[in-house]
C-alpha cells in the first residue's frame, strides 16, 4: 500500500475514509472519500487507491450514488478524476485560493463530460472566484465561526447545492435545512432519532435469542449448524458470503456444514453477530449504512486488540463492542433499553452507555475519530494510548475492506 511520512517519521499507509452524504430527507445522496493525510498532494488515483477504497467506490457507484473526491491541481490537469465514472464523480480541487487557468479549464472539460464540481467555502471573498461559477456543490463547515452575512443569498444565486460538513445532531441539520442547505455529512447520522417507545419485533427477539446461543462458553456446533440450516435467510447469506468474489475460493461452498468447517468458529461467530445485527435493523438505506459502519468498527477494534495484545482484551469481545455501539440508532430505542437484550457483561454495557472512567471508551473514541477523519483527535488519542498511528490506519483499512466485503455479500 502506498505510504506517506507520518509524524513519528515512519511510513503511514494512504488511508481513505468514506463518509455518507445525506440529503434533506435523510436519504443517501452519495459518499465523500477523505484522505487520511493532510497533504495537498494526496490524490485519489489508480495507483493510490487502497483495496478498501476501491471496494467502497464500487459499492457506491453500484448503488447509483455520487462519489465526491479531492484531487490536487496537478492531478486535475493530468486527468486523474477520470478514474471516477461520469455521472457519478464529483471533483474537488484540494488547493485553496486562486486556481491556475489550466486547472479551471480542466474542470470545465470535466463538467462537459458529465462530472460534478465541488468547491470548499472558507471566506466571503471565495464566492467571487471563478471556481465557484463552476460549482455544483458548495461545501462548508457552518460550526466554524458561522457564515458571513449575505452568504446564503450569494450561494443561492450560484445555483449550487449547499453541503454542510461536521453536522453534530439532527436538530442542527434541521436548522441548516431551513437556511437552504440540502446536503449534510457528519456524526449526526450515527445518532438515534427521537422515536416513540417501541417493542422488539418477533424477528428481532428471535435474533437476540440466537445471539445468546452463540455466546455460550461451550457452543453446540452441531446444534448451531442445524439452526443455521433450518433458517433460509441465514443459510442463503452464509453461502453467498463465502462464495462472493471477495474470498476468491477455488471451489464453490454448497453446504452449511462445509461453510462452518471452512470458516472456523471464531470467524463464523463474528459473521453471525454481524448478520444478526443486519437482520435486526430495518431495510432503510441509512440503517444499512449504519450496519456497515458497525461491522467496520467491530472489525477495527478486533484487529487493533490483536495488534496491541498488551491491553489484555479479548479480540472477540471487542468485535462485539464495536458491532453493537450503534445499536440505539439501528433499533430506534435508547441504548439503556437495548443493552438489556445483549449477552454482555456489565463493563461492556457501561461502555455502550458511554459511562465515564470505562477502559473501553478510548478505543471507541479511536474508531470514531478515524470514521470522522478527525486527525487532530486521532493523533491525541494515539499519543495518550502510546499507539502507532500507522499501525492503526492499517487496521482500519483492513476493517473497511472486510466490512465492504460483508456488505456486498448480504
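Based on alpha-carbon atoms only, what is the radius of gyration of the range 269-377 relative to the globular estimate 2.2 N^0.38 Å? Walk me through the numbers before you get to the answer.
Details: Rg = 13.3 Å, N = 109, 2.2 N^0.38 = 13.1 Å.
Normalised Rg, Cα atoms only: 1.02.
Any chance you could check the Cα centroid distance between the range 326-405 and the range 253-293 for me, in angstrom?
Taking the Cα centre of each part, the range 326-405 and the range 253-293 sit 20 Å apart.
Hey, what D do you get for the range 202-409 in µm²/s if you plug the Kirkwood alpha-carbon radius into Stokes-Einstein at 20 °C and 1.002 mPa s? Can you show the working numbers first?
Working: Rh = 17.8 Å.
Diffusion coefficient, whole number: 121 µm²/s.
Taking Cα atoms of the range 332-385, Rg/Rh with Kirkwood Rh, to two decimals?
Numbers: Rg = 13.0 Å, Rh = 12.3 Å.
Result: Rg/Rh = 1.06.
Using packing as a proxy for protection, rank 96-102, 374-380, 363-369 so that the peptide with the highest average count of other Cβ atoms within 10 Å comes first. Please report the intermediate quantities before stating the final value.
Numbers: 96-102: 12.3, 374-380: 15.1, 363-369: 21.4.
My ranking of the peptides, most packed first, is 363-369, 374-380, 96-102.
No lab work stands behind these numbers, since they all come straight from the coordinates. In this text the structure is predicted, and so the values were computed from the model without any measurement. FYI the Cβ positions are ideal-geometry reconstructions off the backbone, even for glycines, and counts take in every protein chain you see.
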